[in-house]
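See structure below.
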Amino acid sequence: MKRRSPTPRRKPARRSRKARSLLGMEGLPAEEIRTLLRLARRMDPHKPRPLLRHRRIALLFYEASTRTRVSFEFAAKALGATTSVIHASASSIEKGESLVDTGYTLVATGADAIVIRHPAAGAPHLLARHLEVPVINAGDGMHEHPSQALLDAYTILRHRKSLSGLRLTMVGDVLHSRVARSNIHLLSAFGAQVTLCGPPEFVPDVAATLARGLRITRHLEEALRGADVVMVLRVQKERLASRKLDAAEYVAGYQLTAERLKIARRDALVLHPGPIIRGMELTAEVADGPQSVIREQVANGVAVRMAVLAHCLGVAR
Amino acid sequence: MSKERTDGALLLRGGRVLDPAARLDAEMDVLLRDGRVAEVAPRNKIRGSHDASFDARGLIVAPGFIDLHVHLREPGQSYKETIASGTAAAAAGGFTSVCAMPNTVPVNDSPEITAWMKLLERGAVVNVFPVAAATVGSKGERLTDFRALQRAGAVAVTDDGRPILDDAVMGDALRLAAQVGFPVMQHAEDTRRTAGCSMHEGATAFRLGLRGMTTAAEADVVERDAQLARQAGASLHVAHLSTAAALKAVRRGRRNRARVTCEVTPHHFTLTDEAVGEYDTRAKMNPPLRSAADCEAILVALADGTIDAIATDHAPHAIHEKQVEFERAAFGITGLETALGLAITKLHREKRVPLLRIVELFTAGPARVLGLRGRGSLARGSFADVTLFDPSARWTFHTEKSLSRSRNTPFDGWQLVGKVVATIVGGHVAYRAE
């Protein structure tokens, strides 16, 4: 099945043997995650480092994205790379080119790595099976969003010494969330105690099989008790409707309010992968409150993605 | 082994004859003449000089296998398979008869297409029994002309892949089929509840972020169909049943005196949803691979007689239809050449299901489902369709050696026990292992 790219790779000498893809958090060794987080701490978006000079990074976006696309692009440029953003709607993809063929084309034109956002779960894995350049998953369907999990961990670690033993509550639409899956894998790998909270339509019982030690509760108050970190997930109105859930009922049961946040530890952090919908999964008061690190998460996105790119392209030092 | 002299007679010498229809398991000689089984007798009792003989010592001599569920892709999709290539693969898998599903392009909803599939020019090397569409264009609205289809050679009707969900249409189809005297086959899936789903709902689907099909979406259709079949006095055949819940529905239907038969595929008794691994499209089919509990329930039902037949649901697809995002990949895998090996490896070697029962699932069982006369048995006068296999031969299946036009199977490189040695159709050798 595996076909080699039609033309020989150029500049083999510059390609490090350490080049690797980042497809997901599942199964990623804790040591590699630690390396990435350590690397992120040394990255400063405002102090460019030319680690990726003369490298070309293709940002292949089959799905709309603001923060992920922009932060990958800024990260690549801060490392001196040349970037090209490919939108599905304005390319050969619209003419019916397959994902694998698009990948071959990008490699043939000289891409040294491909960052891909795709509505189909597993699309980055398909690409990685056929290409010899690193493939970085910037979100695939409901599956994973590994760089988001890394920046969430990075953000938490700016405020806490360690993830181990940390009590973390995840509230909202876990079922449809790639952020949730990546975070659950990462946090569990580091020994955090993760509790999932939401109605069965969003947090099915099967969610507990994703990692060892996962707990599920349907009651937000119970989930918040003693929590060190509260991670709020986006809840889309159309998803509520398709699951025959009433928005008002959801808000009544699961919205994170200032009142409810008091049940958690006094210094508990509030995270949200964005985009936030004020008045749905959390109140404006909480989103803008002193415990919220939501904007910090976005800011950290660039440094973390610099680390991801440097690591995957094998130039990290 | 066989001497080439042709007055049509062929003597199969010294094999172990397994004929489940006659509960026969004994070393016997079998004489085939003029396209029929002329005689089955203890060794060396068949008198006279015979033109050709086949040394079957050490082999099982079974009635020719019948596959109730095959996609031959002709007319219209010969880039996936043709009737010639599909039946060549069937012969290599020991099948002497295959039922060709109607989801061709155009849909086989007419006597003309049904008859076209049976024409000599198609180059079939085994018997092809078309199963025609139950509704025009398989749109689930207007019934096709069952009688005319039957006259043209159809042995049943189905809207495979596009199940009939409308109660009234399904009821009408069953009533008309009862008058004509053949079964309605149904791919049991409530497609209103499985839109956007690409695998079984469970831990693997959750882990991969894929939407999953529930077991109820299958079982509820079986439950309803069994009731409708009982009311219509018709025969319902459940295609490629895959869940424990659907098995329960079949058993309940039978207790209520509904005439319900069912088939399962080798992949559903061999693999579970975990085989999807990291988005392996070779493990994507519909119905999807299910949980270990479903698989276990099917194994029990294969042994205890609940299941009537093993059918492959051979569904060839081109590489470009599988080498895409999992959710966009075509459903289906090839299966004709691995069916016997998987059955013997999994059912006989691992689960100790007797060979006679396994042969029944490939022969007398499917023949009964369709009421095929003279097939699925080696009784004197039957068609001279015979499958000879070595039940203990070890071999490795390689897709590059497959006779199918397609390569979409998860069983590439699998070591299997039980190998087809020769397939005889109408007294002529259609396949002979190297």
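The values are calculated or read from the model by the stated rules, or taken from the named source; none is laboratory data. Keep in mind it's a predicted model, so treat the numbers as computed, not measured. Please note: Cβ atoms are built from the backbone with ideal geometry, for glycine as well, and neighbour counts cover all protein chains shown.
Within segment B:348-373, track down each residue that is assigned to a helix (DSSP H, G or I), touching a helix residue (DSSP H, G or I) at 6+ places or on another chain (Cβ under 7 Å) and farther than 17 Å from B:I298 by Cβ.
Within segment B:348-373, B:L355, B:L356, B:V359, B:A364 meet the criteria.
Table: residues versus (1) in contact with a His (Cβ under 7 Å, 6 or more places away or on another chain); (2) touching a residue at least 40 places away in the same chain (Cβ under 8 Å); (3) closer than 15 Å to A:I33 by Cβ; (4) of a type in the set (V, I, T).
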| position | (1), (2), (3), (4) |
| --- | --- |
| A:A192 | no, no, yes, no |
| A:P199 | no, yes, no, no |
| A:F202 | no, yes, no, no |
| A:A208 | no, no, no, no |
| A:L220 | no, yes, no, no |
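Across segment A:187-214, what is the total count of residues that are away from chain B (no Cβ under 14 Å) and closer than 23 Å to A:L151 by Cα?
Going through segment A:187-214 one residue at a time, the tally reaches 10.
Does segment B:239-270 hold any residues that are in a loop (DSSP other than H, G, I, E, B) and over 15 Å from B:A311 (Cα atoms), and which are they? Lay out the reasoning, then the answer.
We begin by selecting, within segment B:239-270, every residue in a loop (DSSP other than H, G, I, E, B); these are B:239-243, B:256-258, B:265.
Across segment B:239-270, the qualifying residues are B:T243, B:N256, B:R257, B:A258.
Just one of B:K322, B:K351 is among the basic types (K, R), in contact (Cβ under 8 Å) with a residue 12 or more places away in the chain and away from chain A (no Cβ under 14 Å); which is it?
On the way: B:K322 fails: away from chain A (no Cβ under 14 Å).
B:K351 is the lone residue from the list that is among the basic types (K, R), in contact (Cβ under 8 Å) with a residue 12 or more places away in the chain and away from chain A (no Cβ under 14 Å).
Condition check: in a helix (DSSP H, G or I), under 30 Å from B:A62 (Cα atoms), away from chain A (no Cβ under 14 Å) and not aliphatic (A, V, I, L, M). Does B:E337 satisfy that?
On the way: in a helix (DSSP H, G or I): no; under 30 Å from B:A62 (Cα atoms): yes; away from chain A (no Cβ under 14 Å): yes; not aliphatic (A, V, I, L, M): yes.
The answer is no for B:E337.
If B:T312 meets every condition in (1) over 24 Å from B:A21 (Cβ atoms); (2) in contact (Cβ under 8 Å) with a residue 40 or more places away in the chain; (3) in contact with a helix residue (DSSP H, G or I) (Cβ under 8 Å, 6 or more places away or on another chain); (4) not acidic (D, E) apart from one, which number is that one?
Failing condition for B:T312: (1).
All but one of (1) of a type in the set (A, V, I, L, M, F, W, C); (2) over 21 Å from the mean Cα position of the chain (by Cα); (3) surrounded by fewer than 22 Cβ atoms within 10 Å (Cβ to Cβ) hold for B:L228; state the number of the condition that does not hold.
(3)
I need the strands (runs of 3 or more DSSP E) fully contained in segment A:203-294, keeping only those with at least 1 residues that are surrounded by fewer than 19 Cβ atoms within 10 Å (Cβ to Cβ).
Working: elements: A:215-217, A:229-232, A:269-271.
In segment A:203-294, A:215-217 are the strands (runs of 3 or more DSSP E) which contain 1 or more residues that are surrounded by fewer than 19 Cβ atoms within 10 Å (Cβ to Cβ).
For B:T87, indicate whether it is in contact with an Asp or Glu (Cβ under 6 Å, 6 or more places away or on another chain) and either modelled with pLDDT of 95 or more or among the hydroxyl-bearing types (S, T, Y) (or both).
It is false that B:T87 is in contact with an Asp or Glu (Cβ under 6 Å, 6 or more places away or on another chain) and either modelled with pLDDT of 95 or more or among the hydroxyl-bearing types (S, T, Y) (or both).
Does B:R36 count as more than 24 Å from B:A364 (Cα to Cα) and under 27 Å from the mean Cα position of the chain (by Cα)? Spell out how you get there, then give the answer.
Numbers: more than 24 Å from B:A364 (Cα to Cα): no; under 27 Å from the mean Cα position of the chain (by Cα): yes.
Considered against the rule, which asks whether it is more than 24 Å from B:A364 (Cα to Cα) and under 27 Å from the mean Cα position of the chain (by Cα), B:R36 comes out as no.
Determine which member of the set A:T105, A:T169, A:T82 is assigned by TED's automatic domain parsing to the domain that holds A:E201 and surrounded by 16 or more Cβ atoms within 10 Å (Cβ to Cβ).
Details: A:T105 fails: assigned by TED's automatic domain parsing to the domain that holds A:E201; A:T82 fails: assigned by TED's automatic domain parsing to the domain that holds A:E201.
Going through A:T105, A:T169, A:T82 in turn, the sole match is A:T169.
Give segment B:299-329 a look and list any residue that's part of a loop (DSSP other than H, G, I, E, B) and within 25 Å of A:A123 (Cβ to Cβ), or say none.
B:A315, B:P316, B:H317, B:A318, B:Q323, B:V324, B:E325, B:A329, listed by residue number.
Which number in (1) small (G, A, S); (2) closer than 21 Å to A:T195 by Cα; (3) at pLDDT 95 or above marks the one condition that A:A284 misses?
Only one criterion is unmet by A:A284, namely (2).
B:E296: within 14 Å of chain A (Cβ to nearest Cβ) and either surrounded by fewer than 18 Cβ atoms within 10 Å (Cβ to Cβ) or in a helix (DSSP H, G or I) (or both), yes or no?
Values: within 14 Å of chain A (Cβ to nearest Cβ): no; either surrounded by fewer than 18 Cβ atoms within 10 Å (Cβ to Cβ) or in a helix (DSSP H, G or I) (or both): yes.
So B:E296 does not fit the description; no.
If the Cβ limit is 7 Å and pairs must be 6+ apart or interchain, which residue in segment A:288-317 that is under 22 Å from A:A264 (Cβ atoms) pairs with which residue that is modelled with pLDDT under 95 and among the hydrophobic types (A, V, I, L, M, F, W, C)?
Once the first residue is under 22 Å from A:A264 (Cβ atoms) and sits in segment A:288-317, its partners that are modelled with pLDDT under 95 and among the hydrophobic types (A, V, I, L, M, F, W, C) give A:I294/A:I276.
Looking for something among the acidic types (D, E), more than 30 Å from A:A121 (Cα to Cα) and touching a residue at least 12 places away in the same chain (Cβ under 8 Å) - is there at least one such residue anywhere in segment B:375-396? Walk me through it before giving the result.
Initially, segment B:375-396 is screened for residues among the acidic types (D, E), giving B:385, B:390.
This time we only want the ones that are more than 30 Å from A:A121 (Cα to Cα), so: B:385, B:390.
Applying the additional criterion that residues be touching a residue at least 12 places away in the same chain (Cβ under 8 Å) yields B:385, B:390.
Taking every residue of segment B:375-396 in turn, at least one turns out to be among the acidic types (D, E), more than 30 Å from A:A121 (Cα to Cα) and touching a residue at least 12 places away in the same chain (Cβ under 8 Å).
Return the residues of segment B:82-94 that are out of contact with any Leu (no Cβ under 6 Å at 6 or more places or on another chain) and of a type outside the set (G, A, S); say none if nothing qualifies. Step through it out loud before you land on a result.
Here is the first cut: in segment B:82-94, the residues out of contact with any Leu (no Cβ under 6 Å at 6 or more places or on another chain) are B:82, B:84-85, B:87, B:91.
Of everything in segment B:82-94, those that are out of contact with any Leu (no Cβ under 6 Å at 6 or more places or on another chain) and of a type outside the set (G, A, S) turn out to be B:T82, B:T87.
Just one of A:A138, A:A128, A:A121, A:A180 is hydrophobic (A, V, I, L, M, F, W, C), at pLDDT 95 or above and either surrounded by fewer than 24 Cβ atoms within 10 Å (Cβ to Cβ) or on the phi > 0 side of the Ramachandran plot (or both); which is it?
Values: A:A138 fails: either surrounded by fewer than 24 Cβ atoms within 10 Å (Cβ to Cβ) or on the phi > 0 side of the Ramachandran plot (or both); A:A121 fails: either surrounded by fewer than 24 Cβ atoms within 10 Å (Cβ to Cβ) or on the phi > 0 side of the Ramachandran plot (or both); A:A180 fails: either surrounded by fewer than 24 Cβ atoms within 10 Å (Cβ to Cβ) or on the phi > 0 side of the Ramachandran plot (or both).
Going through A:A138, A:A128, A:A121, A:A180 in turn, just one is hydrophobic (A, V, I, L, M, F, W, C), at pLDDT 95 or above and either surrounded by fewer than 24 Cβ atoms within 10 Å (Cβ to Cβ) or on the phi > 0 side of the Ramachandran plot (or both): A:A128.
Out of the helices (runs of 4 or more DSSP H) lying entirely within segment A:57-159, which hold 1 or more residues that are within 17 Å of the chain's Cα centre (by Cα) and within 14 Å of chain B (Cβ to nearest Cβ)?
Values: elements: A:67-78, A:99-108, A:123-130, A:146-157.
Correct list: A:123-130, A:146-157.
Among B:S402, B:S382, B:S392, B:S377, which is at pLDDT 95 or above, of a type in the set (G, A, S) and under 28 Å from B:S78 (Cβ atoms)?
On the way: B:S382 fails: under 28 Å from B:S78 (Cβ atoms); B:S392 fails: under 28 Å from B:S78 (Cβ atoms); B:S377 fails: under 28 Å from B:S78 (Cβ atoms).
None of the other options fit; the residue is B:S402.
So in segment A:57-79, with the set limited to residues that are β-branched (V, I, T) and at pLDDT 90 or above, which one is surrounded by the fewest Cβ atoms within 10 Å (Cβ to Cβ)?
Step one: list which residues in segment A:57-79 are β-branched (V, I, T), which gives A:57, A:66, A:68, A:70.
Cutting the leftovers down to at pLDDT 90 or above gives us A:57, A:68, A:70.
Numbers: A:I57: 28, A:T68: 23, A:V70: 16.
Result: A:V70.
Do you know which residues across segment B:270-289 are more than 22 Å from B:L416 (Cα to Cα) and either out of contact with any Leu (no Cβ under 9 Å at 6 or more places or on another chain) or surrounded by fewer than 21 Cβ atoms within 10 Å (Cβ to Cβ) (or both)?
B:E278, B:N286, B:P288
Does B:V353 qualify as being among the β-branched types (V, I, T) and surrounded by fewer than 22 Cβ atoms within 10 Å (Cβ to Cβ)? Full working, then the answer.
On the way: among the β-branched types (V, I, T): yes; surrounded by fewer than 22 Cβ atoms within 10 Å (Cβ to Cβ): yes.
Criteria met by B:V353.
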